[in-house]
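Undergrad: Provided herewith is a single structure, encoded as structure tokens, for subsequent inquiry.
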Amino acid sequence: MKDGLHIIDSDLHVIEPSDVYEQYLDERYHSVMPKYLGWAPTNFPHWEVQGRIIPPWALDRDVANAQKYMDTPTEDVYRSIRERDYDATSTLESMDIEGIDFAVLYRTFAHMVVSIDSLEAEYATACCAAFNDWLADYCATDPKRLKASAILSLHDPEMAATEARRAVEEKHHVAVVLLPMPVNGRYFNAPECDVLWRELMRLRIPLTFHGTSGGACQDYVSNRFVGLPNFRTLNHASAFPFELMLALGAMILGGVLERFPDLRVGFLEGNCGWLPWWLERLDDQWGKYGGGESVQLSALPSEYFKRQCFIATDVDEEMLKIVIDMIGDENVVMSVDYPHADGPFPHGIDTFLELPGVGLESKKKIMWDNCLRFYGFSDDLAT
């Protein structure tokens, strides 16, 4: 609680430990498990996955220079937390510093591991399950305050649906998360993905899309910048919002939300300032072309968003006031992005409460009420 206000962080992060796959990966895959290589020059842990380095830029000198420039101001802030290996107790203590009552926890690197198109579906699913089991144990330190989100891979949608069911029913995950990029050319409005959307509706949990700056798939927006000047800045600036914009378009214009009207979908850590323009653009283009499309919609794209979708704002995002003016404050959640060095911890909630142009009532909704509705949490969570 902060200044008498209850707060849920919609997207707090963990840093995966070195032994997550040694401890949790199905023994059938131990001979080919992701190999932990330590902390890279880019100031991140990195792995070798079937001959590929994850993150792909982990050893890049130019990325290391840019990352050092960004990381240096927060080295003292995170030093003791890193020494504790980002354990659950340090996360809870950091939440106390910020005034965060509850948080839904998301991966940092585990989705990069399964972003490689060429992975066998069974192997990719096993890597997801290993992380999901580790995260469930991590959250067990304080299951009331720490809520787990399960990673999935679309290498095989039926396997993804099975893992979603296992993670929710056996491990008590409260959401599932997908990378917003295609896998082997398969995108979210492909018919074979319907098995997953159907299962998520049955489980009554939300689907979230959350990008990464370390994707290894071929069809990834920032890979076009590899080897060119200032890659790290272009990579980080573009990958998160652009991939979310396209995923949102596929889910709405591709007819997924028409077919699955009870599916709740969140678009996290890609800013929200682009949303009003993108919805207006989708509405405009549907009005011009939609009547001739093979899959018909019964509402405008913006109406589907308001009915079924949520978007996350950064706590320092001044464009939020425009989003609220254009589409309202009912579909926005927030995160301080702990423990990533580009976030404002330990002053994230203070930053949000001081954000100009957004009223306190809207901030209350974004910090609490909207998150309750999105994740399907009980109204008495704070009691």
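Undergrad: Could you tell me which numbered condition E83 fails, if it satisfies all but one of (1) among the acidic types (D, E); (2) more than 25 Å from H236 (Cβ to Cβ); (3) surrounded by 15 or more Cβ atoms within 10 Å (Cβ to Cβ)?
TA: Status for E83: all satisfied but (3).
Undergrad: Turning to a different aspect of this structure: I'd like the full set of residues that are surrounded by 17 or more Cβ atoms within 10 Å (Cβ to Cβ) and basic (K, R), limited to the stretch 344-370.
TA: The answer is K363, K365.
Undergrad: Hey, can you tell me all the residues within the stretch 198-222 that are in contact (Cβ under 8 Å) with a residue 24 or more places away in the chain and more than 20 Å from S115 (Cα to Cα)?
TA: Selection gives R198, E199, L200, M201, L203, R204, I205, P206.
Undergrad: Mind telling me which of the residues A160, A130, A126, A121 ends up being touching a Lys or Arg at 6+ places or on another chain (Cβ under 8 Å) and at pLDDT 95 or above?
TA: Working: A160 fails: touching a Lys or Arg at 6+ places or on another chain (Cβ under 8 Å); A130 fails: touching a Lys or Arg at 6+ places or on another chain (Cβ under 8 Å); A121 fails: touching a Lys or Arg at 6+ places or on another chain (Cβ under 8 Å).
Testing whether each residue is touching a Lys or Arg at 6+ places or on another chain (Cβ under 8 Å) and at pLDDT 95 or above leaves just A126.
Undergrad: Kindly indicate whether any position in the stretch 133-140 is buried (at least 22 other Cβ atoms within 10 Å of the Cβ), in contact (Cβ under 8 Å) with a residue 24 or more places away in the chain and farther than 26 Å from P55 by Cα.
TA: no
Undergrad: Could you grab the pairs with beta carbons closer than 9 Å, sequence gap of 6+ or different chains, first residue in the stretch 144-155 and farther than 20 Å from T212 by Cα, second one in a loop (DSSP other than H, G, I, E, B) and not small (G, A, S)?
TA: That search, which allows pairs on different chains as well, returns K144/L381; R145/I100; R145/D101; K147/H172; K147/H173; K147/V174; K147/F377.
Undergrad: Now, a different point. So D380 fits all but one of (1) over 18 Å from the mean Cα position of the chain (by Cα); (2) at pLDDT 95 or above; what number is the exception?
TA: (2)
Yes/no per residue for (1) of a type outside the set (K, R); (2) touching a Phe, Trp or Tyr at 6+ places or on another chain (Cβ under 9 Å); (3) at pLDDT below 95; (4) under 30 Å from N43 (Cβ atoms):
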| position | (1), (2), (3), (4) |
| --- | --- |
| L244 | yes, yes, no, yes |
| I252 | yes, yes, no, no |
| R264 | no, yes, no, no |
| L282 | yes, yes, no, no |
| G292 | yes, no, no, no |
| L297 | yes, yes, no, no |
| Y304 | yes, no, no, no |
| K321 | no, no, no, no |
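Undergrad: Also, quick follow-up: List the helices (runs of 4 or more DSSP H) that sit entirely inside the stretch 303-383 and contain at least 3 residues that are among the small types (G, A, S), touching a residue at least 12 places away in the same chain (Cβ under 8 Å) and out of contact with any Gly (no Cβ under 8 Å at 6 or more places or on another chain). Show your work before the answer.
TA: On the way: elements: 320-327, 348-353, 360-364, 370-375.
Counting at least 3 such residues, we get no helices (runs of 4 or more DSSP H) at all.
Undergrad: Moving on. Of everything in the stretch 1-40 that's charged (D, E, K, R) and under 21 Å from P56 (Cβ atoms), which residue is surrounded by the most Cβ atoms within 10 Å (Cβ to Cβ)? Talk me through it step by step, then tell me what you get.
TA: Applying the first criterion (charged (D, E, K, R)) to the stretch 1-40 yields 2-3, 9, 11, 16, 19, 22, 26-28, 35.
If we keep only those that are under 21 Å from P56 (Cβ atoms) too, we end up with 16, 35.
Details: E16: 24, K35: 13.
My answer is E16.
The values are calculated or read from the model by the stated rules, or taken from the named source; none is laboratory data. Since the structure is predicted, the reported quantities are computational estimates derived from the model, not experimental observations. Cβ: placed from backbone, ideal geometry, glycine included. Neighbour counts: every protein chain shown.
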